[in-house]
Amino acid sequence: MDKQATLATRVKAGIAAHEVWMLDALKRLVEAKSFSGHEHAAQAVMRALLEELGFDVREIPVEPDKLKNHPLYSPVVHELHGCHNLLGRLRGTPDTGKSLMISGHVDVVPVGHVSLWSRAPFDTYILDGWFYGRGAGDMKGGLIAALTGLKALVDNGFKPMAPLWFNTVVEEECTGNGALATVEYLKAHDIRIDAMLDPEPFGENIMSGQVGTVWCQYHLTGRPAHAMEAHKGLNPIEAAMHIWRRLKEVEARWNPPHQTHAAFGDHPHPLNFNLGKIAGGEWASSVPTTCRVDFRFGIYPGVDPAAAKREVEAAIQAAVAELPEPPKCSITYEGFHAPGCVVDLDTEPMQLLKRCHEAVNGEVPDTYAVTGTTDVRLFQLGAGIPSTCYGPKAQRIHALDECVEIASLQRVAEVYALYIAEWCGVTHA
């Protein structure tokens, strides 16, 4: 049996042997609640896991005031409460060879109404081969799968022969400023990264591109009145609905067949306008005073988010002007200001990922253009690092009863182990 086949056999057996470790680590990480801005508990778990596997770990502060002039910065949504990234380098790896970074986020989105979940969102459990809990899919499962692959290598006596970095970031779900802080840290400390993999839960497909994402808010002020004299008032909630209808017309114009992008092929509707939050009013029998609408819209790679914002603003202002009596209107941008990007799948690191997937699964992987955003844009656009996402199969991310498939975690762990071995090179003790 040749060296590569021997390595693959040992890795596969090692991952199977480490299933209990993998699931215990995932349980600890998922049960460490880590909403954006409150990721400390999850980062504490990640630090312990990284140090257990032999990483020297440093903290990277995420400081919006030091990032806000960067073109890839996104306006903050909330206080970060001192949350920081973790950047680990596997101890004893030389400075020569092709370096690899594995990077992912530990923050999770809100759970919604807990009563609608089958079980409490952070009470993890396994059912029919799936591991359940908020964040299990997006994206703590992928992080643990990658670590399991590395553990299978190391425990079998294989040692990477190039720098291997593991990066866990905060703030991915609303700004990406966590990953931006890492990008700027790499530049400031002259750390060379030759390839980056992000184990986001895209079903064992290789990400070929992603849309840009912008978060926008419009604020309306009307005129309150008693409901029995509603005609004397000016209802900002009703105005907000009229504006939203006009914004959906913009969405229709931006999507096929009116506009298309080669990266998204025949996708019928890659750019989504999503009304995520609406707040307004004080009393059922009163015409409300104010209304705030928070929404998200997508843009194609190559489109400047600032230009897209101007078009959206014009649509909002035109919609307000159509009303018989326009309410006062202001527009803000808190959250994503994120351009899209396209992944060059012909590069050496992407071709290797394809081969590693094929070696594990016996078939060529599918590629996938994502209609959301990931941290890949920060590493690719901000640092010129060849980057993509490759992670496990998950269900109901950002929804109820989120889960990740255990068998998929094992396959992804095997792919990451082979990738590390091929990209970085390994010696055997």
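Take the residues in segment 87-137 that are part of a helix (DSSP H, G or I) and more than 30 Å from Glu184 (Cα to Cα); name whichever of them is farthest from the chain's Cα centre (by Cα).
Within segment 87-137, the first condition is being part of a helix (DSSP H, G or I), and the residues that meet it are 114-116, 136-137.
Filter again for more than 30 Å from Glu184 (Cα to Cα), leaving 114-116.
Numbers: Val114: 23, Ser115: 26, Leu116: 24 Å.
It comes out as Ser115.
Only one of these is in contact with a Leu (Cβ under 9 Å, 6 or more places away or on another chain), in a loop (DSSP other than H, G, I, E, B) and more than 30 Å from Asn235 (Cα to Cα): Ile397, Ile385. Name it.
Details: Ile397 fails: in contact with a Leu (Cβ under 9 Å, 6 or more places away or on another chain).
So the residue among Ile397, Ile385 that is in contact with a Leu (Cβ under 9 Å, 6 or more places away or on another chain), in a loop (DSSP other than H, G, I, E, B) and more than 30 Å from Asn235 (Cα to Cα) is Ile385.
Do you know which of the residues in segment 203-236 that are of a type in the set (Val, Ile, Thr) and crowded, with 19+ Cβ neighbours inside 10 Å is farthest from Ser74 (Cα to Cα)?
The qualifying residue farthest from Ser74 (Cα to Cα) is Ile206.
Kindly provide the set of residues from segment 276-322 that are of a type in the set (Gly, Ala, Ser) and touching a Cys at 6+ places or on another chain (Cβ under 8 Å), ordered by number.
Within segment 276-322, Ala279, Gly280, Gly281 qualify.
Only residues that are among the β-branched types (Val, Ile, Thr), part of a loop (DSSP other than H, G, I, E, B) and buried (at least 23 other Cβ atoms within 10 Å of the Cβ): list them for segment 175-202, please.
Answer for segment 175-202, where residues must be among the β-branched types (Val, Ile, Thr), part of a loop (DSSP other than H, G, I, E, B) and buried (at least 23 other Cβ atoms within 10 Å of the Cβ): just Thr175.
Checking the structure you have, find out if any residue of segment 61-71 is in contact with a helix residue (DSSP H, G or I) (Cβ under 9 Å, 6 or more places away or on another chain), under 23 Å from Phe35 (Cβ atoms) and buried (at least 18 other Cβ atoms within 10 Å of the Cβ).
Yes, some residue in segment 61-71 is in contact with a helix residue (DSSP H, G or I) (Cβ under 9 Å, 6 or more places away or on another chain), under 23 Å from Phe35 (Cβ atoms) and buried (at least 18 other Cβ atoms within 10 Å of the Cβ).
May I ask you to verify whether Ile331 is of a type in the set (A, V, I, L, M), farther than 25 Å from Gly382 by Cα and crowded, with 20+ Cβ neighbours inside 10 Å? I'd like the intermediate steps shown before the answer.
Details: of a type in the set (A, V, I, L, M): yes; farther than 25 Å from Gly382 by Cα: yes; crowded, with 20+ Cβ neighbours inside 10 Å: no.
No, not satisfied.
Out of everything in segment 78-92 that is at pLDDT below 95 and not aliphatic (A, V, I, L, M), what residue ends up being surrounded by the most Cβ atoms within 10 Å (Cβ to Cβ)?
Cys83
If you go through segment 334-368 one residue at a time, how many are without any contact (Cβ under 8 Å) to a residue 40 or more places away in the chain and either assigned to a loop (DSSP other than H, G, I, E, B) or outside the structural domain of Pro71 (by TED's automatic domain parsing) (or both)?
5
How about segment 18-36: which of its residues are free of Cβ contacts under 8 Å to residues at least 24 places away in the same chain and either outside the structural domain of Leu50 (by TED's automatic domain parsing) or surrounded by fewer than 19 Cβ atoms within 10 Å (Cβ to Cβ) (or both)?
Result: Val20, Asp24.
Does Thr182 satisfy the condition of being within 14 Å of the chain's Cα centre (by Cα), of a type in the set (S, T, N, Q) and assigned by TED's automatic domain parsing to the domain that holds Ser103?
Here the answer is no, as Thr182 does not meet what is asked.
For segment 207-232, name all the residues that are in a strand (DSSP E or B) and of a type in the set (D, E, K, R).
Arg223, the sole residue that qualifies.
Can you give me the number of residues within segment 103-136 that are in contact with a Gly (Cβ under 9 Å, 6 or more places away or on another chain) and surrounded by 21 or more Cβ atoms within 10 Å (Cβ to Cβ)?
Qualifying residue count for the region: 9.
Identify, by number, the condition in (1) within 23 Å of the chain's Cα centre (by Cα); (2) at pLDDT 95 or above that Gly265 doesn't meet.
(2)
Taking segment 384-429 as the search range and keeping residues that are farther than 21 Å from Phe158 by Cα and among the charged types (D, E, K, R), which one is surrounded by the most Cβ atoms within 10 Å (Cβ to Cβ)?
Taking the candidates together, the pick is Glu402.
The values are calculated or read from the model by the stated rules, or taken from the named source; none is laboratory data. Quick caveat, the model's predicted, so the values are computed rather than measured. Cβ atoms come from the backbone with ideal geometry, glycine included; neighbour counts cover every protein chain shown.
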